[in-house]
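Structure first, then comments.
The values are calculated or read from the model by the stated rules, or taken from the named source; none is laboratory data. The structure presented is a predicted model; accordingly, all values stated were derived computationally and were not measured. Glycine gets a Cβ as well: all are built from the backbone with ideal geometry, and neighbour counts include every protein chain shown.
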Amino acid sequence: MNDHHATPDSAVGVLDPREVEEIRQFWGGLGLPGLVDVHTHFMPERVLRKVWDYFDAMGPLTGGAAWPITYRHEEDERSAVLRAFGVRAFTAMLYPHKAGMARWLNTWAVDFARRTPDCLHTATLFPEPDVEAYVREAVEAGARVFKAHVQVGAYDPTDELLRSAWGLLAEAGVPVVIHCGSGPAPGKHTGPEPIAAVLARHPRLRLIVAHLGMPEYEDFLTLAEQYDQVRLDTTMAFTDFSEQLMPFPKRALPRLADLGDRVLLGSDFPNIPYPYLHQLRALERLDLGPDWLRAVCHDNAARLFAL
Ligand SMILES: [Zn+2]
């Protein structure tokens, strides 16, 4: 984008101009060139519609909470909204809920990344016999980040079928955003124990623990302290919505401050029950200071992905 303040045509009409202005003032005031958001969802339309149906039904994915989707727009409008907010780079978090689906999702994601240059080419995986082959193909095709969803996929991350895929990703240094905490609702294999076992086997694996590991925040902070390639994304953490259901323990704030070089902005856009700005304000009100905010909202991800 040449003009900092240009609003892409496709975003006009779905945007709240005040929100755009406040978001731009947020990162502009920090002296940043924009934001990097490592946790945004783009996926094939019919899969996304199904995800939205889940949220509408307040089913197991939401832990029974009402979850109105704030940015329920067409795909081109959604990416245009992120651009208008000044998100320099984002991801296409997509994930299978069963075997036989990941390869197809990865094919879609290659095409999405091709037509969306500011989206980091994203891929996914599932424990199945061909997982090593398609993970290798995705890495060779230039995938910059993977998404793994332990709750929706209902698989054990220590599954033997995944062993070589984790090894390959560790060796390639490709980060994996992993939803492995037990929020908003626990799954059969969520929680810190399986992840600790994966890391014991693959200590260089670049896991980015989604949602700061909520509600097991402190256990995942411990893993990040133990393994220097483990990072955490802020997705939905500290918002009024999450604080009501799964509050972050105040006593852990100094640990979060110390890990300031390994916390990355994530939002869950577009599937959030509040405006995007609220995630940024929720980070700001932690009062960890402008250096921490600069690192979290831009610099850490810019360094990790060599932007
Ligand atoms: Zn998400």
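Just for region 141-158: of the residues that are assigned to a strand (DSSP E or B) and within 12 Å of the ligand (Cβ to nearest atom), which one is nearest to Arg114 (Cα to Cα)?
The residue in question is Lys147.
When Tyr54 is tested against (1) more than 14 Å from the ligand (Cβ to nearest atom); (2) without any contact (Cβ under 8 Å) to a residue 60 or more places away in the chain; (3) of a type in the set (Phe, Trp, Tyr), just one condition goes unmet, and that condition is (1). The set of residues in region 175-225 that are part of a strand (DSSP E or B) and among the β-branched types (Val, Ile, Thr) comprises Val176, Val177, Ile178, Ile208, Val209.
Table: residues versus (1) surrounded by fewer than 17 Cβ atoms within 10 Å (Cβ to Cβ); (2) outside any helix (DSSP H, G or I); (3) at pLDDT below 90.
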| residue | (1), (2), (3) |
| --- | --- |
| Ser10 | no, no, yes |
| Gln25 | yes, no, no |
| His41 | no, yes, no |
| Arg49 | yes, no, no |
| Leu82 | no, no, no |
| Phe90 | no, yes, no |
| His97 | yes, yes, no |
| Gly100 | yes, yes, no |
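Selection of region 185-229 for residues being acidic (Asp, Glu) and surrounded by 19 or more Cβ atoms within 10 Å (Cβ to Cβ) yields only Glu216. Of all residues in region 260-275, those satisfying the criterion of being crowded, with 17+ Cβ neighbours inside 10 Å and more than 14 Å from the ligand (Cβ to nearest atom) are Gly260, Arg262, Val263. Sub-9 Å Cβ pairs linking a first residue in region 21-32 that is acidic (Asp, Glu) to a second residue that is in a helix (DSSP H, G or I), at least 6 apart or interchain, are Glu22/Leu277; Glu22/Leu280; Glu22/Arg281, ordered by first then second residue. Taking each residue of region 229-250 that is within 14 Å of the ligand (Cβ to nearest atom) and looking for partners that are at pLDDT 95 or above and basic (Lys, Arg) with beta-carbon atoms closer than 7 Å, six or more apart or interchain, yields Leu232/Arg262.
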